[in-house]
1. With the chain treated as a Gaussian network of Cα nodes joined by springs under 10 Å, which of 84, 28, 120 yields the largest mean-square fluctuation?
2. Can you compute the FRET efficiency between residue 82 and residue 22 using 1/(1 + (r/R0)^6), with r the Cβ-Cβ distance and R0 = 30 Å? Round to the nearest 0.05.
Amino acid sequence: MAPAPADLGTEVIGVPEGSDLDLDLRVEAVMEGVLVTGTVRARAAGECVRCLDAVEQDVVAELQELYVYPGRAPEGDDEDDLRELQDELVDLEPAVRDALVPALPFQPVCSADCPGLCSECGARLADDPGHAHDRSDPRWAALAGLAGSDPADAAE
């Protein structure tokens with residue numbers, strides 16, 4: 001277990017700072033440096049993009065990162081993509097961020113059938129399934145007066 005760093009997420013969902021990250025890692029010495037592979041598990045919290053209710057869900061991401069010894073980058077690899085050992089230590093935060101953030105849902109929802117909010121008044125539609133507004137089009141009002149009917153009927 002390790003505490004989650006700050007800003008581990010997106011605008012709508014992320015892992016709260018200081019919450020537990022479950023790291024199941026294997027660390028291997030290889031010719032170029034140290035290879036870290038494994039799984040990162042966390043509990044993400046955010047809000048539903050449809051109704052803005054709180055959302056919590058488990059996130060699992062696979063991690064594989066090579067930390068090279070200084071000056072021992074493999075031939076042909078872009079050196080900007082490689083992480084180096086710093087005083088024989090591995091900084092996992094960037095690798096965890098690179099693995100976990102893309103595993104978060106792009107548009108988290110509280111349930112698959114969440115109806116969201118009313119586009120006119122902002123009411124939560126799950127609380128009131130029969131929610132509706134009188135939708136009379138003001139452009140039809142003059143014609144409705146001639147026909148002697150309700151403008152809502154003329155709009156249909």
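A short reminder: the numbers here are calculations on the coordinates, not readings from a lab. Only a predicted model underlies this, so the values are computations on that prediction, with no experimental measurement involved. Cβ sites come from the backbone with ideal geometry, for glycine too, and all protein chains shown count toward neighbours.
1. Largest GNM mean-square fluctuation: 120.
2. Working: r = 26 Å, r/R0 = 0.88.
Efficiency for this residue pair is about 0.70.
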